[in-house]
Each structure stands twice: as structure tokens, then as C-alpha cells.
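The structure appears below as C-alpha cells.
We did not get these values from a lab; they are worked out from the coordinates using the rules stated. Small disclaimer: the values here were computed from a predicted structure and weren't measured. Glycine gets a Cβ as well: all are built from the backbone with ideal geometry, and neighbour counts include every protein chain shown.
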Amino acid sequence: MKKFFIPITAASFVLVAPNLSHAEENDWLSGVTVTGLVQIEAQFYQDYNDIDSSDFVVDELGVGIEAQVHKWAKAQIAFIYEEGATPLEIDEAIITLGNSEISPVYLAAGQLYVPFGNFESNMVSDPLTLQLGEAREKAAQLGFETGNLYGSVYAFNGSTQDSSENKIDHYGANIGFAQESERGGIDLGIGYINDIGDSDGLTDALGGDDVVNLVNYDYVGGLSAYLILNVGSVKLIGEYVTALDEFDANHLAFNGNGAEPKAWNAELAYSFKMAAQEITFALGYQGTDESVALGLPEKRYLGVLSAGIFKNTTVSLEYAFDEDYAVSDGGTGEDANQVILQLAVEF
């Protein structure tokens, strides 16, 4: 799934705050924001066996609440629902201690997406890098933002274990550089995680909730790197996510050997105004290697056209063409096609 972040925007809502004076209630409410996202899609799909299917789906429904309870403390809660993929659940629950106006250092703890990978995309569908590397964990993250530099270290107790002990022994770090100007901006970074097997996609491939029972499991480190470049109306996205070693063939295999999965994403987008509305056209090329066991295609070609039709309302049309792995690699050697028409509203 794509991360449902909580932007700092105003929203209208009603909250009941018992046992508070009118002044106290107004002061408390002034530090709370509510945001949301609703995405409805018409999906048309032809799979590797040339079987056609189509449907209307609630692709994503997200609601976020942020409470700035003190100048040094805030709490964030995000709920998410994705039809056919994610039941309504708590996506993120985070307490952050810090104040960027006073100190560059902050501490975040709770259920959060660890900063391994960036996964920004102009497309409607999730990039293959996200499907390989995204990791939602119950973690503690110590980070900093100073000038154009940012970074963090984090630790958590993952689903995968390389011993019989159930303990906090998963960790990672990231560092990046971001700069914006009137002409554009740049954001580049690199991240490390000591077991990429604990990413959401790989955990499912390893056995889901049963991965803690894997025999002789060894952690496999992961590396991510990304570059996002804006120059005027043009935007370039490049990202690469890879395991740093092979998995045990009994846990994740490719061609009879241990798999060393990797994925990449490259996109080029152009935005312009038409009738006072923002229009974006983007092309993308994505791919994977040694990832057939994850159900991912070997190559994917995409194109999308998005238009803002009203305030905070966007309609997008995406076409994707997938090439599966060869039969000799465990795939079908066939192609698949997908068309998505999406209507999205943010508030």
C-alpha cells in the first residue's frame, strides 16, 4: 500500500471535550487537524492467461488525525481501508517528541513506516520498489533535520527472527539531502535495513505470520537509494531497492538457488496548466530481478494522465503493461495489461 501521510492542513470536524471550559476546549481543538483521502477506481485487467476482469473498487480510504498537544509533543493516528487488500485498520499510531524550530533532533515511536525507501510516484498504482521494500513496524526512530540534510536511525522487533529469541534486533538508518528553489528542487537519499525480509511484501512471501518459525533463518540486509529532481514543469524520479545477499533457497528461491530480489522505478513527468487546472502526464519504467516468488513482474511500462477537475479533486487514467518472468525462471513468459480510471478527493 502507499503510505497514508497526515499533511498539516485545516479541516472541519466536531469533537466533544467533556469537563473542559469553553476557553480550554477551543485551545485544545486549535492543535488538532483532521485530513482524509478517498480513491474510487474503475479497473480493467487482462492477466497472463488472457483472462479479462473489471470492477469498481474503493481503492483507498484514509483518515488522519494529528494533535499538537505541546510545542515539544504531538500524536498522529491514521486509519486506512483498501478493498480486497486491507480491512479497516490503524495504519499508523505515532508519538513524536521534538520541535524543529528549536532543535533539529526528534524522537518518533509507535506503529510507523520505517524510512527505508522513498516510493514517490506519479502513477496511480504502487511502484514495484514499494511492493518490495515498504516496511510498517512498531518502532522507535531517532532523527534529525538541519538545513538541507535529514536522516535517522531506528530499531524494532520484526516478524523475522534468526534465533529463538524474540527481541528488538532489527534496525536501520537513512540519510538524505533536500533543497528547493524557485526553479525546482532536489531530494536524494540512501537507506539501509539489516533484514529486508521484514518488509511487508517479503514477509508475506516468507509465510506471513508464520515467518518467526522459519528454520535457520539468517537476516538479509537491504539497501535503497532514490533521486527526485524537479526542474520547472519537469519531474524525474529514480529509485532502486535491493537485497544485499541471497536468501536461503529453502526460504526464498530463484532458479533453484537463494533469491536476491531487487526492484527499480524510473519516471518522467510533465505538468502544465489548462483552463486554470493542473494537468500531469507521466511515463514510467519499472522492473525487478529474482522476484518471481513475490508475484512481481519482471518489467512494467506505464503511462498516466492526471487532471485536477475541482479543488482537491483529481481524475487519473493509467495504463500498465507487464512482462512476466520466463518459464525457465518460474514465470509464465506472458504479458498482462491493466487500465485504471481513478477519482480521488483529499480533504
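Starting with the fewest neighbours, write out ASP47, ASP322, ASP245 ranked by other beta-carbon atoms found within 10 Å of each beta-carbon.
Fewest-to-most ranking of ASP47, ASP322, ASP245: ASP245, ASP47, ASP322.
With the Cα gyration tensor of region 49-188 giving a ≥ b ≥ c as the square roots of its eigenvalues, does the rule (a/c under 1.5 for rounded; else a/b larger than b/c for prolate; else oblate) give rounded, prolate or oblate? Please list the in-between numbers first.
Working: a/c = 1.58, a/b = 1.30, b/c = 1.22.
In terms of gyration-tensor shape, prolate.
Can you tell me the length gained on complete extension of the stretch ASP248 to ALA75, counting 0.36 nm per residue apart and subtracting the Cα distance?
Computed gain between ASP248 and ALA75 is 58.3 nm.
Which shape class applies to region 106-182: rounded if a/c is under 1.5, otherwise prolate when a/b exceeds b/c and oblate if not, where a ≥ b ≥ c are the square roots of the Cα gyration tensor eigenvalues?
Oblate shape, in that a/c is at least 1.5 and b/c is the bigger or equal ratio.
Taking Rg/Rh (Cα atoms, Kirkwood Rh) as the quantity of interest, determine which of (i) 0.95; (ii) 0.97; (iii) 1.00 was computed from the displayed structure.
Of the labelled values, this structure produces (ii).
How large is the dipole of region 68-128 about the Cα centre if only Lys and Arg carry +1 and Asp and Glu carry -1, each at its Cβ, rounded to the nearest 20 debye?
That gives region 68-128 a dipole magnitude of about 420 debye.
About the Cα centre of the chain, how large is the charge dipole given +1 on each Lys and Arg Cβ and -1 on each Asp and Glu Cβ? Please answer in debye to the nearest 20. Walk me through the numbers before you get to the answer.
Details: 14 positive and 53 negative charges, 306 e Å.
Value, rounded to 20: 1480 debye.
How big is the dipole moment of region 106-233 about its Cα centre under a simple scheme where the beta carbon of each Lys and Arg is +1, that of each Asp and Glu is -1, and everything else is neutral? Debye, nearest 20, please.
Charge dipole of region 106-233: 320 debye, to the nearest 20.
Could you point to the residue in GLY64, ASN250, PHE272 farthest towards the positive end of region 22-346's charge dipole, with +1 and -1 charges on the Cβ of Lys/Arg and Asp/Glu respectively?
Farthest towards the positive pole: PHE272.
Give the order of TYR45, TYR325 when sorted by the count of other beta carbons within 10 angstrom, beginning with the fewest.
Placing the least packed residue first, the sequence is TYR45, TYR325.
Towards the positive end of the charge dipole of region 22-346, with charges on Cβ (+1 Lys, Arg; -1 Asp, Glu), say which of GLY110, LEU296, TYR325 has the farthest Cα.
Going by the charge dipole, the pick is GLY110.
Just rank ARG300, ARG183, ARG136, fewest to most, by other beta-carbon atoms within 10 angstrom.
Exposure proxy ranking, most exposed first: ARG183, ARG136, ARG300.
Let me know the shape class of region 166-318, please: from the alpha-carbon gyration tensor, a ≥ b ≥ c as square roots of the eigenvalues, rounded when a/c is under 1.5, otherwise prolate if a/b is greater than b/c, or oblate.
prolate
Most mobile of ALA139, ALA78, ALA67 per a Gaussian network model of the chain (Cα springs, under 10 Å)?
Of ALA139, ALA78, ALA67, the most mobile in the Gaussian network model is ALA67.
Could you work out how much longer the chain between LEU268 and PHE144 gets when fully extended? Use 0.36 nm per residue separation minus the Cα distance between them, nm to one decimal.
On the way: separation 124, 0.36 × 124 = 44.64 nm, distance 3.00 nm.
Roughly 41.6 nm would be gained on extension.
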